[in-house]
Every structure is written in C-alpha cells, then in structure tokens.
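Read the structure below first, then the notes.
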Amino acid sequence: MATALAALEEAYARRGAPPAASKDRTDGRIDGRAGDRTPVVGYVGADVPVELLTAAGVRAFRLTGDPESGSALADRYLGGGVDPMARSVLARLLAGSFGDLDRVVVSHDCEASLRLFYALRELRRVEPATGLPEAYLVDILHLPHRTTAQYNRRRIGEFAARLEAWTGRPLDLAGAVAAHDERRRLLAAVAELRRAVPARLTGRQFLAVVNAALPVDQHIALLERLLAEAGQLEEHAGRRVFLSGSDHDTPHVYEAVESEGYVIVGEDHSFGDLSLKEPIGAGGLDALAEHYHHSGPTAHRATASERAAHAATAVRHCRAELFVAYCRIGDEAPAWDFPAQRAALDIPAVLLERQEYGRADLTALRKEHPCAV
Amino acid sequence: MRSVKSLATAAEAGRHQREWFADLRRRVAAGEPFALLNADVPHEIFRTMDIPYAVSQWWASLVAAKQRSGHYLELVRQRGYPDYSEQYNSVTLGSAFDPEPEAGPWGGLPRPDIVVGDASGDVTRKIFDIWGHEPGVTFYPLESAAENEVPLNWWELMPHRWEEAVGPARLDLLTAELENLVRFLETTTGRRFGESRFREVMALVNEQEEWNRKTRDLIARTRPAPLGVVDSIPSVMLPQWHRGTEWARDMAKRFYEEVRDRVDAGHAACPGERARLMWIGRGLWYDMGFYQRFQEEYGAVFVWSMYLAVAADGYIRYGDDPMRALAARFAAFTDQLYTPPWSSEWYVKEARLHGIDGVVHLVSDDPRGSYFTARALEAAGFPVIEIHADNVDTRTFDDEMVKRVGRWLESVVLA
Ligand code: SF4
Ligand code: SF4
C-alpha cells in the first residue's frame with residue numbers, strides 16, 4: 001500500500017476537481033437535481049465557513065488557479081490589475097475546468113475574491129450562455145470590533161439558512177464542526193513534523209497534505225496514517241525559510257524555492273499554516289462566526305503591525321533562518337507589511353516584489369544569500 | 001475654438017478652496033483638532049461637530065497638480081513601502097513622513113489628530129494604520145461591506161427607499177460604527193454633537209445635490225449642450241468637498257443658474273453639435289483640453305462625466321433617522337459607480353438620459369475594471385471605443401488617441 005504521504009500528494013494533484021462523495025452520511029441535494037448526485041460546491045477564498053458546507057452534506061472544494069494556462073477572457077472581465085490567481089480561477093470556471101458545479105460560494109477575504117464574485121454574478125445575469133453556476137457571497141469582515149462581530153454573525157446565519165434552503169434539510173453543524181476540528185488538530189500535529197529540525201516534511205509536501213482534495217473524513221483517516229508513519233519520513237536539511245505574503249493556490253513557488261536547496265518550514269497565507277487555527281468547539285453558529293472573524297492574520301485583512309508580530313512568533317516557532325516575503329503582481333498588500341516584518345525579525349529578510357503568478361524570481365534570493373545554496 | 005468662457009462658479013470655487021485651506025491651517029495652528037478623511041467617509045459627522053477636516057483624495061490631487069507626487073512617493077519608498085500601490089492614499093501618507101511639511105503645496109498639510117478611512121480593497125486600511133502609528137495620530141477604520149443580492153434600480157430607490165437598495169445588514173453595521181465614531185470624537189475632542197445641527201447639515205447636503213440633479217437634468221435635455229465636462233467638473237467637484245455648508249449649497253444653486261442662463265441665452269459648448277459623447281473613467285487631469293479637441297472638426301462634445309452625474313444621483317438620502325440616512329449614503333457609495341449591476345445599469349440610464357451618441361472608455365489596470373459598464377452600453381446600442389492610458393507617454397498618447405477617436409467618430413458615431 002502507498003504511504004499516507006503519497007496518497008495525500010496524489011489527492012493534492014487532483015485539486016480543483018470535486019472530491020468523491022463522503023461515505024458515512026447521506027448527502028444533500030440542490031434544486032432537486034439528479035436524485036443520486038450529491039451537490040458540488042466550489043468555494044473561493046479563505047473566509048468561506050467550510051464547516052457549513054460539510055454540515056449541508058455537499059461536496060465542497062476550494063477553487064484554485066493554474067499558472068500554466070492562459071486567462072485572456074478572465075483578464076478582460078476582471079481587468080488586468082486583479083490578482084492573477086483570481087483571474088485564473090475565473091478562466092477555469094469559464095472553461096468548465098472544475099466540472100459541473102451547483103454553486104460557487106465566494107468570501108470577501110481579499111479584493112480579488114470580491115471582484116471575482118461580482119464578475120460571476122454579472123456574467124450569469126447578462127451572459128447566461130457562459131453557463132456559470134450561481135454565486136453566493138459570504139461577507140465575513142475583519143476589523144477587530146464588536147460592530148464587525150455582530151455583522152459577521154448575521155452573515156453566517158444568512159449563509160446557514162441559505163444552505164438549508166438549497167438542500168431542503170437542516171444542517172448537521174455539530175457533527176461537521178467536530179470533524180473539521182479533528183482535522184485541524186491532526187494538521188497541527190503534522191505541522192510540527194515540518195517544524196522539526198531537521199524538517200520531516202518539505203513545504204511542498206505540507207502544502208499537499210493540507211490542501212489534499214478529499215472529503216473531511218477521508219482526509220482525517222490519511223492524516224492519522226501520516227502521523228503513524230512519521231518515523232519513516234525523510235529528513236530535509238536545507239536552509240529553513242519562512243514564506244510570507246501572497247496566497248499560494250498551487251505548488252509552483254514552493255517547488256521553485258525548494259529546488260534551490262531551501263526548505264519552507266512555515267508560512268503566513270491561507271493555504272498553509274494560517275489555516276490551522278484553534279478548534280471551534282461546541283458553540284454553534286456563534287462560535288463559527290467568531291472563529292472566522294479572528295482568522296488570519298492574512299496579508300489582505302490584517303495590519304502591518306499585526307503581521308509583523310505574527311511573523312516574529314511564527315519564525316521563532318518554526319526556527320526559520322531566512323524570511324522571504326513574496327508579493328505577486330496585482331497583490332500589493334504584502335509589500336506594505338514588509339518593513340514592519342523585517343524590523344520585528346532577527347533573521348535576514350528578503351522581499352520578492354511584483355512576482356508573476358506561479359513564478360519566483362530567485363536571483364534576488366541568490367544574490368542576497370549566497371551561502372544558502 | 002471654444003465659444004464660451006469658463007463659468008464664474010468654477011473660478012469662485014477655486015478661490016474659495018485656497019481661502020478655506022488657509023483658514024483651516026490657521027485653526028489647526030491655534031490648537032483645534034484636525035481630521036484627515038477618505039472621500040467615502042461620512043464627512044457630515046465632522047461638519048456637524050465643526051471639526052476641521054480635509055479629504056485625502058483632494059490633497060493627493062493638489063499634490064499631483066503641483067507636480068509633487070514623486071516627492072511624497074519617494075518618502076514612502078524610503079521607509080521601505082511600495083511606491084506603486086494605491087498612490088492616491090500613499091501620496092497623502094508621504095506627507096506624514098515629510099521632514100519639511102511647510103514646503104508642501106499651499107503651506108502643507110497639517111498633522112492630523114485623527115485619520116478615518118474605510119477598509120476597502122486590501123491596502124487602504126494598511127496605509128492609514130501605518131499613519132496611525134505616527135505620534136499623536138489615531139486611525140479610525142470603517143468596514144467596507146458587500147451584499148450578495150441587490151435590486152438593480154438603485155438611483156430610483158436611494159433618495160427615499162435606501163433601506164431596500166443597500167440592505168439592513170450593511171446599514172446596521174455602518175450606523176453602529178458611526179454612533180461609535182461620534183462618541184469617540186466627543187471624548188477625544190471635547191466637542192458636542194448636536195442633533196438639530198446634524199439634521200441641518202443633512203438637509204444642506206440634500207439641497208446641494210438636488211441643485212446638481214437639476215443641473216444634470218438640464219444639460220441632459222438641452223441640445224446643443226450648454227457646456228461640456230471641462231466646465232462642469234470644477235463647478236461640481238470643489239463644492240462636493242464642502243458638503244453640508246451653506247456655501248456649497250449656494251454654489252450648487254449658482255452653478256445651476258449659470259447653466260440655465262446659458263441655456264436661456266442659447267449659448268452652447270459647441271453650437272454645431274453633431275455628436276454627444278460620454279466619458280468613462282477617471283478624468284484626464286493632465287490634459288483637460290482633450291475633451292474639447294473633437295468639437296471643431298466633428299462637432300463632438302463630451303457632455304457626460306461621472307462627476308456631475310454621481311452628485312446628482314449618488315448622495316441624496318431622505319429619512320427621519322439622520323444617522324441611518326447618512327450610513328445609507330456611504331454604505332454602498334462606490335458600488336454605485338463601480339460594481340455591476342449597479343454601475344452598468346446606471347451608465348446605460350445616464351447615456352439614454354443624455355442622448356449619448358458615443359462612449360469613450362478609458363481602460364486602466366484599476367482592479368475595479370469597467371468591462372461590464374462598457375459591455376452594457378454596447379448591448380444597449382451605444383458605440384464604445386476603448387482607449388488605454390497606462391504606461392504611455394502623455395504626448396504620443398494624445399496624438400495617437402486623438403487620431404483613433406477621430407476615425408471612430410467618422411466611421412461609427414457620425415456615419
Ligand atoms: S548571506 Fe549572510 S545574511 Fe544571508 S543568509 Fe547567508 S549568512 Fe545569512
Ligand atoms: S463646431 Fe463647435 S467648436 Fe467648432 S466653431 Fe462651431 S461651436 Fe466652436
């Protein structure tokens with residue numbers, strides 16, 4: 001039998017395709033569609049409360065882009081200034097690359113996601129021939145104030161009610177939260193394997209383990225096996241890098257950086273360490289709303305000082321030796337964090353600005369840090 | 001050749017702006033608090049409490065007009081921040097880092113005690129938060145919330161039925177944030193917030209924008225157009241920065257009267273008017289003459305830009321609860337201009353109202369891409385030409401673009 005790591009990497013390679021139906025529960029329906037087909041929901045962004053999607057019994061997966069395929073039509077709809085990751089997701093939706101989706105749920109985790117939502121909503125209205133699925137916006141916001149907390153609670157409630165209306169049955173929230181909490185607990189343990197010295201997982205492997213396209217229950221089973229097999233994992237002795245900045249929905253940049261002899265042992269974007277937060281627990285929708293209000297600190301929603309404080313703690317925690325801030329073109333927020341981050345750190349810090357989607361200009365890294373290779 | 005001279009209101013507004021800023025500097029030097037506000041923030045609160053304030057975008061445009069943007073962006077860059085990101089706000093941030101603030105335009109921007117901006121996009125909050133770390137400066141952020149489903153006809157709903165247009169979730173949020181802002185300002189400045197004064201300010205804003213609405217309607221229905229966008233923009237924009245004052249209301253009224261007098265006297269921007277043009281996109285501030293370049297040869301007049309139109313449709317809010325009405329003015333303000341379906345449907349409505357013959361669409365890399373606006377106009381039968389303004393030398397841009405637009409006028413609009 002293949003190792004759990006191999007199985008997770010294989011599932012990661014299938015990202016951007018709906019996961020198989022979950023086995024241990026009866027699944028919901030949307031619009032009374034095909035009796036035996038479990039509804040499929042693609043979601044966009046870090047702030048979609050996926051627990052609710054699981055609770056509704058739909059097959060949900062995060063939509064990701066592809067730096068290797070073009071996005072000309074999406075560029076036209078969204079404008080060239082939008083983060084190419086979002087443009088690529090729209091291009092793939094237009095091309096039908098995600099298969100037959102019943103709904104797209106979008107969060108307001110960054111400006112590009114919001115722009116993508118508006119484009120989907122408008123295209124469906126004025127160009128129905130594009131065949132795009134109905135889009136729904138979950139507007140979770142992040143100012144650290146009670147006014148925002150109350151707003152988020154209302155939006156979470158609206159989304160829960162909408163899911164019930166779509167599937168025509170109540171949500172199993174407690175069960176879903178328990179499953180996601182268990183997955184979070186296991187992923188936190190896996191994260192420690194990568195933080196070990198020497199690292200027992202590369203950044204590329206960790207990205208695959210976290211974002212494997214699997215239903216929660218199957219994901220949990222593989223994570224348990226991975227932890228059981230931890231003793232057989234290889235050691236990775238490269239120079240330890242903390243990767244800050246833009247989201248990485250594909251492994252391209254991780255592969256590029258690690259091919260130079262580095263190991264990415266921590267990061268602060270929503271496809272990696274930042275997705276592993278405290279458990280939500282038994283508080284129902286209130287606890288869920290608070291969880292998402294406090295998520296992050298992402299480059300797009302936190303202040304520079306919050307990001308710097310987080311970087312200082314995270315870098316110590318993962319014993320990184322080099323801090324690399326990666327800012328994709330069209331994603332300018334991380335560049336504003338860098339001065340405060342650098343000032344808060346006691347390791348060398350490099351800024352890679354205006355990087356192309358899926359690429360990393362490693363000459364800057366090599367020049368700054370000749371001894372790293 | 002231009003057949004009419006500039007409006008008296010435009011000249012008067014320009015003069016007033018200098019006097020106002022000199023007075024503001026005097027007041028702040030004498031120890032009064034000073035607020036720096038983003039354009040989409042409810043200024044009416046500060047007006048009500050008589051707290052001197054300036055608008056970030058206005059300051060950035062003044063800096064740009066004085067060719068000083070590079071200086072402030074360099075100060076931003078020296079601190080390690082990007083100089084290519086959200087330049088309107090970062091130019092203003094740069095003035096906070098200026099070792100010689102008095103050397104700035106018009107004696108320089110005073111150091112603010114409070115900065116208020118909404119958390120729109122990914123960067124605005126970061127920029128103002130960095131400012132909030134400067135000694136003596138507090139940053140008060142407001143959320144920028146979004147709605148899942150909206151009715152299309154916002155311009156009909158907004159004056160009285162804004163609750164339907166904006167939706168209760170966003171209104172509850174901003175109303176609560178504004179109530180808290182008032183308490184914060186009362187506490188930190190010692191000033192009082194008078195409810196009747198607030199109602200007065202709200203009424204003045206509605207009156208001002210009603211005058212702008214009459215002006216917009218008059219221009220829309222008058223052929224040939226009594227004036228083009230070069231004349232309407234300053235007369236409407238400068239008073240907008242002083243919303244809620246009698247001066248601004250009176251200026252809007254005088255602007256209307258001036259336009260009406262022109263109509264009555266039969267004056268036209270271009271008496272030989274053959275085509276009425278709409279301009280989509282930010283203004284070509286460095287070359288306002290562009291807008292008049294097609295009059296002589298083609299009789300083509302730019303009669304529409306968003307500035308007067310959004311004054312006419314975007315601000316008016318009536319209702320018994322002034323704080324909620326104020327929230328309704330700003331909770332979805334930019335959606336009116338930039339978010340489909342609101343933006344696209346509104347531009348079509350405006351094009352019809354003005355009898356537009358052709359649309360010139362300035363495409364930029366602004367993430368608020370306007371594809372859907374142009375698309376809606378085309379689908380409604382209005383010819384659209386796209387011009388690209390990024391990274392192009394102003395001079396060549398101008399020559400080539402004038403030729404292209406000329407060919408388009410001949411072969412499409414006037415054909
Ligand atoms: S080049 Fe110098 S600073 Fe950079 S990683 Fe090597 S030793 Fe450290
Ligand atoms: S066509 Fe217009 S611009 Fe030319 S002379 Fe006549 S009025 Fe003036």
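Couple of notes before you dig in:
- Among (1) surrounded by 17 or more Cβ atoms within 10 Å (Cβ to Cβ); (2) more than 28 Å from A:Ala178 (Cβ to Cβ); (3) not hydroxyl-bearing (Ser, Thr, Tyr) - the single one A:Glu235 does not satisfy: (1)
- Answer from A:His293, A:His252, A:His317 - the residue that is over 22 Å from A:Ala86 (Cα atoms), out of contact with any Leu (no Cβ under 7 Å at 6 or more places or on another chain) and away from every other protein chain (no Cβ under 14 Å): A:His317
- Only listed residue being surrounded by 19 or more Cβ atoms within 10 Å (Cβ to Cβ) and of a type outside the set (D, E, K, R), chosen from B:Thr138, B:Thr124: B:Thr124
- Taking the range A:47-84 as the range and being more than 14 Å from chain B (Cβ to nearest Cβ) and part of a loop (DSSP other than H, G, I, E, B) as the test, the residues that pass are A:Pro49, A:Ala56, A:Gly57, A:Val58, A:Leu63, A:Thr64, A:Gly65, A:Asp66, A:Pro67, A:Glu68, A:Ser69, A:Gly70.
- Checked against the criterion of being assigned by TED's automatic domain parsing to the domain that holds A:Ser259, in contact (Cβ under 8 Å) with a residue 12 or more places away in the chain and buried (at least 23 other Cβ atoms within 10 Å of the Cβ), the candidates A:Gln341, A:Gln355 yield just one match: A:Gln341.
- Against the numbered list (1) within 13 Å of ligand 2 (Cβ to nearest atom); (2) in a helix (DSSP H, G or I), B:Tyr286 comes up short only at (1).
- Only one entry of A:Val253, A:Val257 meets the criterion of being within 16 Å of ligand 1 (Cβ to nearest atom) and either in a helix (DSSP H, G or I) or among the small types (Gly, Ala, Ser) (or both), and that entry is A:Val257.
- The range B:130-177: number of residues that are modelled with pLDDT of 95 or more, charged (D, E, K, R) and over 29 Å from A:Val104 (Cα atoms): 3
- A count restricted to the range A:308-320 and to residues that are buried (at least 18 other Cβ atoms within 10 Å of the Cβ) and touching a residue at least 40 places away in the same chain (Cβ under 8 Å) stands at 6.
- Hey, A:Tyr151 more than 21 Å from A:Pro18 (Cα to Cα) and either facing chain B (nearest Cβ under 7 Å) or assigned to a loop (DSSP other than H, G, I, E, B) (or both) or not: yes
- Annotation: of all residues in the range A:108-148 being within 7 Å of chain B (Cβ to nearest Cβ) and basic (Lys, Arg), the one that is surrounded by the most Cβ atoms within 10 Å (Cβ to Cβ) is A:Arg115.
- Count of the range B:320-352 residues which are away from chain A (no Cβ under 14 Å) and touching a Pro at 6+ places or on another chain (Cβ under 9 Å): 3
- The residues of the range B:252-289 that are of a type in the set (Phe, Trp, Tyr) and crowded, with 21+ Cβ neighbours inside 10 Å, listed by number, are B:Phe255, B:Tyr256, B:Trp279.
- When A:Ala129, A:Ala119, A:Ala135 are checked against the criterion of being over 24 Å from A:Leu274 (Cα atoms) and not in a helix (DSSP H, G or I), A:Ala135 stands alone in meeting it.
- Counting the residues of the range B:42-89 that are assigned to a loop (DSSP other than H, G, I, E, B), without any contact (Cβ under 8 Å) to a residue 24 or more places away in the chain and on the phi < 0 side of the Ramachandran plot gives 4.
Per-residue answers, yes or no, for (1) surrounded by fewer than 22 Cβ atoms within 10 Å (Cβ to Cβ); (2) closer than 19 Å to B:Leu142 by Cβ; (3) touching a His at 6+ places or on another chain (Cβ under 6 Å):
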| site | (1), (2), (3) |
| --- | --- |
| B:Glu296 | yes, no, no |
| B:Ala300 | no, no, no |
| B:Tyr315 | no, yes, no |
| B:Ser344 | no, no, no |
| B:Val348 | yes, no, no |
| B:Leu353 | yes, no, no |
| B:His361 | yes, no, no |
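- Condition check for A:Ile140: touching a Lys or Arg at 6+ places or on another chain (Cβ under 7 Å) and in the same structural domain as A:Cys110 (by TED's automatic domain parsing): yes
- Just one residue in the set B:Thr124, B:Thr92 is away from chain A (no Cβ under 14 Å) and in contact (Cβ under 8 Å) with a residue 40 or more places away in the chain; that residue is B:Thr92.
- Subset tally (residues that are under 25 Å from B:Ser232 (Cβ atoms) and in a helix (DSSP H, G or I)) for the range B:311-330: 6
- Pairs with Cβ under 8 Å, 6+ apart, first in the range B:165-187 and of a type in the set (S, T, N, Q), second surrounded by 19 or more Cβ atoms within 10 Å (Cβ to Cβ): B:Thr175/B:Met323; B:Thr175/B:Arg324; B:Thr175/B:Ala327; B:Asn180/A:Thr147
- Segments classed as helices (runs of 4 or more DSSP H), wholly inside the range A:261-373, with at least 2 members that are away from ligand 2 (no atom under 16 Å from the Cβ) and at pLDDT 95 or above: A:284-293, A:304-317, A:333-344
The values are calculated or read from the model by the stated rules, or taken from the named source; none is laboratory data. Nothing here was measured: the structure is a model prediction, and the numbers come from that model. Backbone-built Cβ (ideal geometry, glycine too); neighbour counts: all protein chains shown.
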